[in-house]
Amino acid sequence: MTKTKSTSDAVMAATRRQFLVGSVAGGLMMAFAANHTALGAARTLGAGAYEPSIWFQIGPDGRILVNIAKAEMGQHVGTALARVVAEELEADWVDIEIVHVDSDPKWGYMVTGGSWSVHTSFDQLSRAGAAGRIALLEAGAHMLGVAPDQCRARNSMVMCGDASVSYGEIVAAGKIDRTFTDKELSALSLKPTSERRVLGGAVKALDIPTKTTGAARYGLDAQVEGMLYARPVLPPTRYGSKVLSVDERAAKAVKGYRQTVALEDPSGVCQGWLAVVADSTHAAIKAADALKVDWQAGPRAAMDEAGILAEGERLVNDARAGALWVQEGDVDAAFQSADKIVETTYRTHSVLHFQLEPVNALAFEKDGHWHIHSGNQWQSLILPVLAQALEVEESRITLHQYYLGGGFGRRLYGDYMIPAALTAKAIGKPVKMIFTRSDDTGFDCVRSPSVQKVRSALDANGTPVAYDHAAAAGWPTALWLWDFWRKKWTAAERRTAFPSVGPTIGIPSPINGCAPSKIRWRRKPFCPVGCALWGRDGSVGPLSSIWMNWPMRPGKIRWPSGLPCLMARAAMRAKHQPVQAGLCG
């Protein structure tokens, strides 16, 4: 059927999407609409036509539920994001509740890391809250029989003089139907800092009560009826290992032992893995210890920390290796004419995460749909790998989110869900797999060792005139996160936009007035035993050390972490105090 567009339809068609505020099933739902729609907000929301997320809902009892698509691991992110909404919504904090949502395309891209959660969500959530406030104020004014400009919203109430109506009462009336175009949303005036009542003040963190009473649910707490327990048995190398033989005789003597499963993993993450299944975690741990396995180790079995650092030393001292990232001025000439040269080589070693809660996952299939219960920081990264491992569409997998007993980046990689899911698939029953601390150590995505050779050239007055920095470290981003690459450079020069694995951009600014400068990056993919990163091409590389400092404030240039140490040495060599060399600013 052909529909003639009205004037309002034409206006909506000119916008990319709309923010909808509508009464749905006895409550108020607020969301973004994916496409242009001639339906009212209430009908559109009721039909589920929203994208990327439903930010919050208000019930007829006045409770305001804010949906949190970020992982909680001790940083109170749910409270932080709920405060952003509550501020512009003019909600009473006592009415606010939060829920950490499961994976679903409607939530958009799901990742918690890099200190991104608040600053990337702030404007969007603020405008969602402001739009909700306007819709409630208009509906409340109508109920009070006055014009909206005669009313104000405060503490989950719409007030006009001595008369007032609560948000809950407005919602219960069920007559809110309001849309905002992108242009209208961007034009909304947000509160100045001086008028904020929720942000910047003291509020009670919403996750503290359940954590205090023990009611908070972590991945280790997940249970379903009829589930069995499993412990992984890891091979000697992360990649390339093969099981030659398994002796279960001692394991069978353990009470509660069920079986040992050889995992077949189409994703390539679990190569040469076994899983011991039992009636309890204790039995699984004990039986796995009793198991005798003969493996054919992968090609990297002989690699060790000393060998990795030796390779780093070779790379930083080979001017032909790697790629030259930044060069300003004639660095070589500056060093040749220098009065003094200060040179130091810095080394860092492999670092494990050792978060408090060992990684774990509960997996089972029900009615053709896979359910994975676990705490995770990056659902959107692991979902396609899980789909590959289970040989199903991503739409047939739901990740059920729990609190994380520590993350620190370890749970950015949901690889620990894969063996749990494969074991459940193999035995046809729900399986809860828990890694012991030693298991997690062998499977952790280590922070790579690094070698950094830094040099500074000084003139006769002790003033730095040139700087040279060569660094070598593992570089996983080139292998497992291609979307972060900047692709305009050649293959040898490609660099990551992820801030913890090297310079994000060229470094054109002089270092405390010191130019020229040169940054050389030596990289070679390698994988020590236990490295847990996967690559699309089957190759791997451990996580690079964070040798570039985090910025002190937005826009601050990230300088190599070896630089302050080198400048301190150079200052002392020139008989200056380090503070005089600008190291405290």
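Side notes on the structure shown:
- Any hit, segment 261-277, residues being part of a loop (DSSP other than H, G, I, E, B), on the phi > 0 side of the Ramachandran plot, open to solvent by 10 Å² or more (accessible area, probe 1.4 Å) and in contact (Cβ under 8 Å) with a residue 40 or more places away in the chain: yes
- The set of residues from segment 160-204 being charged (D, E, K, R) and at pLDDT below 90 comprises Lys175, Asp177, Arg178, Asp182, Lys183, Glu184.
- Qualifying strands (runs of 3 or more DSSP E) (wholly inside segment 320-438; at least 1 residues being under 30 Å from Asp207 (Cα atoms), of a type in the set (A, V, I, L, M, F, W, C) and not assigned by the TED database to the domain that holds Asp459): 360-366, 369-374, 397-401, 431-434
- If the condition is being of a type in the set (Asp, Glu), within 30 Å of Phe435 (Cβ to Cβ) and open to solvent by 30 Å² or more (accessible area, probe 1.4 Å), then segment 308-358 contributes only Glu311.
- Flag if Glu51 is modelled with pLDDT of 90 or more and over 17 Å from Ala139 (Cβ atoms): no
- Taking segment 95-208 as the region of interest, the helices (runs of 4 or more DSSP H) fully inside it that hold 3 or more residues being open to solvent by 60 Å² or more (accessible area, probe 1.4 Å) and over 30 Å from Glu72 (Cα atoms) are 117-144, 182-187.
- Any hit, segment 432-442, residues being buried (at least 24 other Cβ atoms within 10 Å of the Cβ), more than 23 Å from Asp304 (Cα to Cα) and of a type outside the set (Asp, Glu): yes
- A single member of Ser166, Ser126, Ser186, Ser156 is outside the structural domain of Gly406 (by the TED database), polar (S, T, N, Q) and closer than 30 Å to Gly405 by Cα, and it is Ser126.
The values are calculated or read from the model by the stated rules, or taken from the named source; none is laboratory data. Computed from a predicted structure; not experimentally measured. In this analysis, Cβ positions are derived from the backbone assuming ideal geometry, glycine residues included, and neighbour counts consider all displayed protein chains. The accessibility values were calculated without ligands, DNA or RNA, using every heavy atom of the protein model including side chains. Shrake-Rupley method; radii C 1.70, N 1.55, O 1.52, S 1.80 Å.
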